[in-house]
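A short worksheet on the structure shown next.
Laboratory data are not the source of any read-out in this text; all were calculated from the coordinates shown. This is a predicted model, so every value here is computed, not measured. Note that each Cβ is placed from the backbone with ideal geometry, even for glycine, and that neighbours are counted across all protein chains shown.
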Amino acid sequence: MKKNTLPPGRQRPTVKEVVGALEKFAPLPLQESYDNAGLQLGLTETEVSGALLCLDVTEKIVDEAIARDCNVIISHHPLIFHRLSHITGGNYVERAVAKAIKADIAIISMHTNLDNAQGGVSFMMAEKMGMTDVSFLCPPRSYSSGDDGPTVQYASGVIGSLPQPLPAADFITMLKRVFNVECVQANQLLRRDIRRVALCGGAGSFAIDDALRKGADAFVTGEMHYHEYFGHDGELQIAVIGHYQSEQFTNQLFLNILHDALPELRCELTKTNTNPIIYL
């Protein structure tokens, strides 16, 4: 198995340093109250042989980390989201936790703190779409670490402009191409061109009112409930592209953050598709 090599005298980064780099970009206080981001498993002083970057942690992801000599997994969705009362292999979470502990693999998750951060998940979506004048969609909140630290603005979703206006049908076609989706769930197609677009990766229907308030022509997110589509025909083009698909570029975002902060760290993009939804 090929090992990561470093220049003489250069030590591998520790788990603590990797966590620090990620949390500098997306501090944990930016996460929502229901979330459980941060270091999930592992010891902070462990040297990192390699980091596997992924959206979800499953048994297959842990197997891939072992096969690729990565003793750290960095995911968007936390493996441990709800409290674990026991680890007996009763579900995929317990099995993945047990397998990771046995293989001495640390797990770090950056979830809603990465969603809410400047330059985070929705900003990455906008970048892939070539959007300009991108800013936060929902009303920004402020966080300061104290000790004369900088005040950070954070919020859910983004809004910006397309490089050029598109008819609604062409807009949907563009989304299918950029996000490599087989279908898009949409409401009735608008009869005007789409210029301003609001984006919210994952389950973002809570931001529809903000999209309307800011004059968006279209709202793109990963998933919505049936009744949330009602009442917007003619005023807002809704386009739902799939939860996994909307966040698929998060791995590249992790790579960018870590390459800038810890260039000596070996990072591997997962080759495992963890999307549990298939289209038949």
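Under 1.5 on a/c is rounded, so check that first for the chain, then, if it is not, pick prolate when a/b is larger than b/c and oblate when it is not; a ≥ b ≥ c are the square roots of the alpha carbon gyration tensor eigenvalues.
prolate
Note down the magnitude of the dipole of the stretch 154-277 about its Cα centre, charges +1 on Lys and Arg C-beta and -1 on Asp and Glu C-beta and zero elsewhere, to the nearest 20 debye.
Working: 10 positive and 14 negative charges, 53 e Å.
Around 260 debye, computed over the stretch 154-277.
Give me the net charge of ILE66's neighbourhood, meaning all other residues with Cβ under 13 Å from the Cβ of ILE66; Lys, Arg count +1, Asp, Glu -1.
Once positives and negatives cancel, what remains is -2.
Measure up LYS24/LYS102; LYS128/LYS214; LYS24/LYS271 against 24 Å on the Cα-Cα distance and list the ones that go over.
The pairs that break the limit, which is 24 Å between Cα atoms, are LYS24/LYS102; LYS24/LYS271.
Taking LYS16 as the anchor, which aspartates and glutamates have their alpha carbon closer than 20 Å to its alpha carbon, excluding any fewer than eight residues away along the same chain?
Straight-line reach from LYS16, under 20 Å: GLU45, GLU47, ASP69, ASP104, ASP260, GLU264, GLU268.
Mind listing which trypsin sites (Lys or Arg not before Pro) in the stretch 181-266 are in a DSSP loop and have 10 or fewer other Cβ atoms within 10 Å? Walk me through the numbers before you get to the answer.
Details: sites: ARG191, ARG192, ARG195, ARG196, ARG213, LYS214, ARG266; in loops: ARG191, ARG192, LYS214, ARG266.
Counting only loop positions with at most 10 other Cβ atoms within 10 Å, the trypsin sites (Lys or Arg not before Pro) in the stretch 181-266 are ARG191.
Place a +1 charge on the Cβ of each Lys and Arg in the chain and a -1 charge on the Cβ of each Asp and Glu, then give the dipole magnitude about the Cα centre in debye, rounded to the nearest 20.
520 debye
Within the stretch 206-254, list the chymotrypsin sites (Phe, Trp or Tyr not before Pro) lying in a DSSP loop whose Cβ has at most 15 other Cβ atoms in a 10 Å radius. If you can, show how the numbers build up before the last one.
Working: sites: PHE206, PHE219, TYR226, TYR229, PHE230, TYR244, PHE249, PHE254; in loops: PHE230, PHE249.
For chymotrypsin sites (Phe, Trp or Tyr not before Pro) across the stretch 206-254 that sit outside H, G, I, E and B with at most 15 neighbouring Cβ atoms in 10 Å, the list reads PHE230.
Mind checking which of PRO140, ILE61, ALA186 is farthest towards the positive end of the chain's charge dipole, using Cβ charges of +1 (Lys, Arg) and -1 (Asp, Glu) about the Cα centre?
ILE61
Please give the helix 92-102 orientation as an angle from the longest Cα principal axis of the chain, in degrees from 0 to 90, rounded to the nearest 10.
30 degrees
In terms of Cα to Cα distance under 17 Å, which aspartates and glutamates are near enough to LYS176, apart from those fewer than 8 places away along the same chain?
Of all the aspartates and glutamates, those that pass the test against LYS176 - Cα under 17 Å, at least 8 places apart if same chain - are GLU127, GLU223, GLU247.
Going by a ≥ b ≥ c, the root eigenvalues of the Cα gyration tensor, does the stretch 150-255 fall in the rounded group (a/c under 1.5), the prolate group (a/b larger than b/c) or the oblate group?
In terms of gyration-tensor shape, rounded.
Could you tell me what percent of the DSSP beta bridges with both partners in the chain are antiparallel, to the nearest 5?
Values: 18 of 37 bridges.
Roughly 50 percent of the DSSP beta bridges within the chain come out antiparallel.
Quick one: dipole size for the stretch 11-94, taken about the Cα centre, charges +1 on Lys/Arg Cβ and -1 on Asp/Glu Cβ, in debye to the nearest 20.
120 debye
Mind listing which chymotrypsin sites (Phe, Trp or Tyr not before Pro) in the stretch 17-93 are in a DSSP loop and have 13 or fewer other Cβ atoms within 10 Å?
Sites meeting the loop and neighbour criteria: TYR34.
Could you please state, rounded to a whole Å, how far the C-alpha centre of the stretch 137-200 is from the C-alpha centre of the stretch 6-82?
For the stretch 137-200 versus the stretch 6-82, the Cα centre distance is 27 Å.
Would the stretch 25-101 count as rounded, prolate or oblate if I go by the C-alpha gyration tensor, calling it rounded below 1.5 in a/c and otherwise prolate when a/b exceeds b/c, oblate otherwise?
Because a/c hits 1.5 or more and a/b fails to exceed b/c, the stretch 25-101 counts as oblate.
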